[in-house]
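Remarks on the structure that follows.
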Amino acid sequence: MYSILLKRLSNLLCVKSIVTLILTSVFAYLAAAGQVSSHDFLTVFSVVIAFYFGTQSERLHEQGETGTAPKP
């Protein structure tokens, strides 16, 4: 259980994850400050989240087919 948690934490620190978290934080701040309309926020946030989870899902699918981790 601990090794799974540690592996997920290390995966969270990859570059794509960091960019996603920073972008989400910045847009959340701008939306709260009234600098970005809710429509623009929803559009950008949806694209980022869809891309992030799409690539994660594809990576897991490739791992399942080959039994090995794909190269980054």
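Taken together, the values in this text are just the output of simple stated rules run on the coordinates, not laboratory data. Computed from a prediction, not measured in an experiment: that's the story for all the values here. Please note: Cβ atoms are built from the backbone with ideal geometry, for glycine as well, and neighbour counts cover all protein chains shown.
So what's the back-of-envelope 222 nm ellipticity for the chain, counting only DSSP H runs of four-plus at -39500 (n - 2.57) apiece and dividing by all residues, rounded to 500?
Only helices count here, giving -27500 deg cm²/dmol.
To the nearest 20 debye, what charge dipole does the chain have about its Cα centre, counting +1 at the Cβ of each Lys and Arg and -1 at the Cβ of each Asp and Glu?
The calculated dipole for the chain is roughly 240 debye.
Would you mind classifying the chain by shape? Square roots of the alpha carbon gyration tensor eigenvalues, ordered a ≥ b ≥ c; an a/c under 1.5 is rounded, otherwise it is prolate if a/b is larger than b/c and oblate if not.
prolate
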